[in-house]
Amino acid sequence: MRKGLRIELLDDVITSASSATAATPRALAYIPGAMLLGAAAAGRNWPVEQAFALFQSGALRFDDGLPVDQAGALALPVPMSLHRRKGSDANLADRQGDILDCAACDPAAGFSALRDRSYCTNGHEHVVRSRTSLRTAIDPATGRAAEGQLFGYEALRAGQVFWAGLEGPKDQVDDIAQCLEGEHFLGRSRSAEFGRVRITTVEPWQLSPDGTGETTRYVWFLSDFWAVGSNGLPTARPGAEALATTGTVLWQRSFTRMRRFAPYNAHWHKRAPERDLISRGSVLVLEDCPLPLGLHRFGIGQELGYGLALVSDRPPGEALLALEQPDVPMPDPRPAAGSQTRVVKWLAKMAERDAGGKEIERKVQRDVADLRKYYISARRLKGGQEAGPGRSQWGRLEAGLRNGEKVAALMDTKPWDDRFKAGDKATFKAMLEDRSPERLAHLAKAMLAAMAQEGWPDAD
């Protein structure tokens, strides 16, 4: 069974091509399947037997998240066999001799390879947007910026959409799809402002090339390929046996590039074994090959999204234009009628809090003015002696309210019971007992500031 996953980037996501910390590691232009596997594994406390079946047995495969343009068209990694005339900006759709597919013909002078790009089946290039930021490490001993420890990140910019897939037994696919629904954090530096995405289950994408009856096969890799030779060891020069088929690889027409890295495993707190992968976009041409046309998976690490390839009997550039374009259901950028976005709700909450704060400040100013008069009256009743709570009592009240203590316990000293006129409600404690803790906390701060003025309470 196969299901699709639509991944919306709510924040910038760091998809570094290597786990290096020096300089600024380049960002991958897609969401690696390993990130989705990690998010699913961390999403629940899976039993040991179930965790092995889901994430280590290889029965369930997490495809890379490929970019999607604004119209909902899937963008595929450009075949490395495609070359463009130097100085030209022609797309595949209007090649007019400026685009050359060297998987089907000899290279020509004046052409350069198209690399690190994504093309939709309409032949137009899709640019995956990224952003670079420079940061400094924090010294844990001082909590300040560490001297001379600058580092950078290149991240995929928020607002983009990617389309991934799950493939495996129905019960496993359903469990993982349910686990991945909603918001998650992917990539590096997830504890900072990076990595937040929203994942939604959608229909899976399919690519079915038309056949011409030829026996030549063009294997175009849509993800990195972890190839294994006949001796069972990884290889950079795979033969037909690495694709579980027969035939002869035409290396003069094939185009491959290697990528070597050692991923960092956060659970182990160390790097995993180094991997030598044939990069996505590589093209292998096989002669007299019986491979069926369509999508296939080859090599090891398929649970991480490795080895996904499109097999066609046409050159990759021609096959790309002949594919039927799968369309991703795109999220509506506008909120539904009557609904509020998270930003609107936050702004409304801030406005409400500001309005409430201003109202409390107005009431506190009136309280301070009244208390000034009450202090003067209380001193007259005591024959000019000090009366009412002093700065130490107001300071204790302010600190106690900040720590969540009860108001009654904070006003249990004698100065709060001083009277400023005749009557049961004419004490400082009785005057303040109907104030809310929030208002009392503001009042305590205001009284400490007022009593610090020279000549209090007579000075106005």
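The values are calculated or read from the model by the stated rules, or taken from the named source; none is laboratory data. Model, not experiment: these values are computed from the prediction. With ideal geometry, Cβ positions are generated from the backbone for all residues, glycine too; neighbour counts draw on all protein chains shown.
For residues that are charged (D, E, K, R) and part of a loop (DSSP other than H, G, I, E, B), tally how many sit in region 1-40.
3
Counting only residues that are in contact with an Asp or Glu (Cβ under 6 Å, 6 or more places away or on another chain) and on the phi < 0 side of the Ramachandran plot, how many does region 57-74 have?
Residues that pass the stated criteria total 1.
Of all the residues that make up region 257-300, how many are in contact (Cβ under 8 Å) with a residue 60 or more places away in the chain, within 21 Å of residue 17 (Cα to Cα) and buried (at least 20 other Cβ atoms within 10 Å of the Cβ)?
Selection size over region 257-300: 5.
Got a number for residues in region 101-122 being of a type in the set (A, V, I, L, M, F, W, C), within 37 Å of the chain's Cα centre (by Cα) and not in a loop (DSSP other than H, G, I, E, B)?
The number of residues fulfilling the criteria is 2.
May I ask you to list the residues in region 430-454 that are more than 53 Å from the chain's Cα centre (by Cα) and under 17 Å from residue 367 (Cα atoms)?
430, 431
Among the numbered conditions (1) touching a residue at least 40 places away in the same chain (Cβ under 8 Å); (2) in a helix (DSSP H, G or I); (3) not acidic (Asp, Glu), tell me where residue 392 comes up short.
Result: residue 392 passes all but (1).
So residue 105 passes all but one of these: (1) over 22 Å from residue 226 (Cβ atoms); (2) surrounded by 16 or more Cβ atoms within 10 Å (Cβ to Cβ). Which condition number does it fail?
(2)
I'd like to know if region 211-220 contains one or more residues that are at pLDDT 90 or above, within 30 Å of residue 269 (Cα to Cα), buried (at least 18 other Cβ atoms within 10 Å of the Cβ) and among the aliphatic types (A, V, I, L, M).
no
Give region 22-60 a look and list any residue that's farther than 23 Å from residue 160 by Cα and touching a Gly at 6+ places or on another chain (Cβ under 6 Å), or say none.
59, 60
Among the candidates 458, 417, single out the residue that is surrounded by fewer than 16 Cβ atoms within 10 Å (Cβ to Cβ), outside the structural domain of residue 357 (by TED's automatic domain parsing) and either touching a residue at least 40 places away in the same chain (Cβ under 8 Å) or not hydrophobic (A, V, I, L, M, F, W, C) (or both).
Result: 458 is the single residue among 458, 417 that is surrounded by fewer than 16 Cβ atoms within 10 Å (Cβ to Cβ), outside the structural domain of residue 357 (by TED's automatic domain parsing) and either touching a residue at least 40 places away in the same chain (Cβ under 8 Å) or not hydrophobic (A, V, I, L, M, F, W, C) (or both).
I'm trying to understand the selection: among the residues of region 29-56, which are of a type in the set (Gly, Ala, Ser) and touching an Asp or Glu at 6+ places or on another chain (Cβ under 8 Å)?
Once the filter is applied, which keeps residues that are of a type in the set (Gly, Ala, Ser) and touching an Asp or Glu at 6+ places or on another chain (Cβ under 8 Å), region 29-56 yields 29, 33.
Name every residue in region 368-390 that is at positive phi and modelled with pLDDT under 90, in order of residue number.
383, 384 - these are the residues of region 368-390 that are at positive phi and modelled with pLDDT under 90.
Restrict the check to region 414-421 and report whether at least one residue is assigned to a helix (DSSP H, G or I) and in contact with a His (Cβ under 7 Å, 6 or more places away or on another chain).
No: zero hits.
Find the residue count for region 207-228, including only residues that are assigned to a strand (DSSP E or B) and under 25 Å from residue 320 (Cα atoms).
7
Would you tally the residues in region 41-89 being at pLDDT 85 or above, assigned to a loop (DSSP other than H, G, I, E, B) and under 24 Å from residue 324 (Cα atoms)?
Here the count works out to 7.
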